[in-house]
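The values are calculated or read from the model by the stated rules, or taken from the named source; none is laboratory data. Computed from a predicted structure; not experimentally measured. Here the Cβ positions follow ideal geometry from the backbone for every residue, glycine too, while neighbour counts run over all protein chains shown. Ligands, DNA and RNA are stripped out before the accessible areas are found, and what is left, the full protein with its side chains, is counted by its heavy atoms. Shrake-Rupley method; radii C 1.70, N 1.55, O 1.52, S 1.80 Å.
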Amino acid sequence: MEADLKFDRVMQASGTAALAFLAIVVCCPSSLSAQEKTSISNPQTEASAKGPSSVLDRVVAIVNGELILDSDVDEERRFNAFEPYSDSSAGFSRDKAIERLINRELILQQIKLQPEVQVSDADVTKQINQLRKTIPACKQYGCETKSGWNRFLADRGFTEATLFARWKQRMEILQFIEERFRMGINITPEEIKNYYDKTMLPEYASRHVAPPKLETISSHIQEVLLQEQVTSLLNDWLKSLRAQGSVVVLHPGEEAP
């Protein structure tokens, strides 16, 4: 039981930090500013850029001149089924999806300025193959087979090609964040011990179970603390990008200039 608790607790801590890390990538870290809430347009935009078969597509936000459309929000809802740390029981929040799309667009605009961010197709394929084994809903589809995986994708409005493109973009964003913020962060032995003493030991004590030795889990604690610091730096950076740029959220019924 001690070994099980050790694994459970460390993975829970690591998973929570990773979830927070990913959430900042795709979710707004703070409430919208007054500028963003200013009532401006909400045009019915011809969505030909999204595909010839698209109907009129409403603009929901403008990020430094780039449009975010209703169809993007719908794709975000469908893509949530593939996110490793998504909480399906919490339901889909349209407002949070729009905020994720705004943050993602801000990051992608910065990535364009740094063409050295590259992810190989082989790495994308490898991650997607691993993903097929970890999505709980995949079991009933038999996602280990090509036909089962394609049925799973089709039911969520994706093809292998469209999911590949979205997942590659996701990996590029994460690589960009890792390279920009993780480098230079130094987690000291004192910080690791402090987390062990003040966070992990009380948890084990509350379960009346002997804790693992610090040296056996120090690397896991280090990763948790690294991700927490990356999250904090990314949070501040996104706030700065919003302040320096132009981000406007359009609500139903509002009119564009």
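Details
- Cα-projected label distance for Arg78 with Phe164, points at 7 Å along beta-carbon direction, nm: 1.8 nm
- What the phi angles of the stretch 151-166 give under the Karplus curve with 6.51, -1.76 and 1.60, with θ = phi - 60°, is a coupling list of 5, 4, 5, 4, 5, 10, x, 10, 10, 4, 5, 5, 5, 4, 5, 5 Hz, glycine and proline written as x.
- Given a 1.4 Å probe and the protein chains as shown, Thr162 ends up with an accessible area of around 70 Å².
- Accessible surface of the stretch 135-257, 1.4 Å probe, proportion on carbon and sulfur as whole %: 54 percent
- Across the options Leu201, Gln244, Pro189, the greatest Cα extent toward the positive end of the charge dipole of the stretch 183-257 (unit charges at beta carbon of Lys, Arg, Asp, Glu) belongs to Leu201.
- Global geometry of the stretch 102-149, whether rounded, prolate or oblate, following the gyration tensor of its Cα atoms and the 1.5 cut on a/c: prolate
- Distance distribution note for the stretch 116-213: the fraction of Cα pairs above 15 angstrom is 73%.
- These residues, Lys112, Lys168, go from largest to smallest accessible area, 1.4 Å probe, as Lys112, Lys168.
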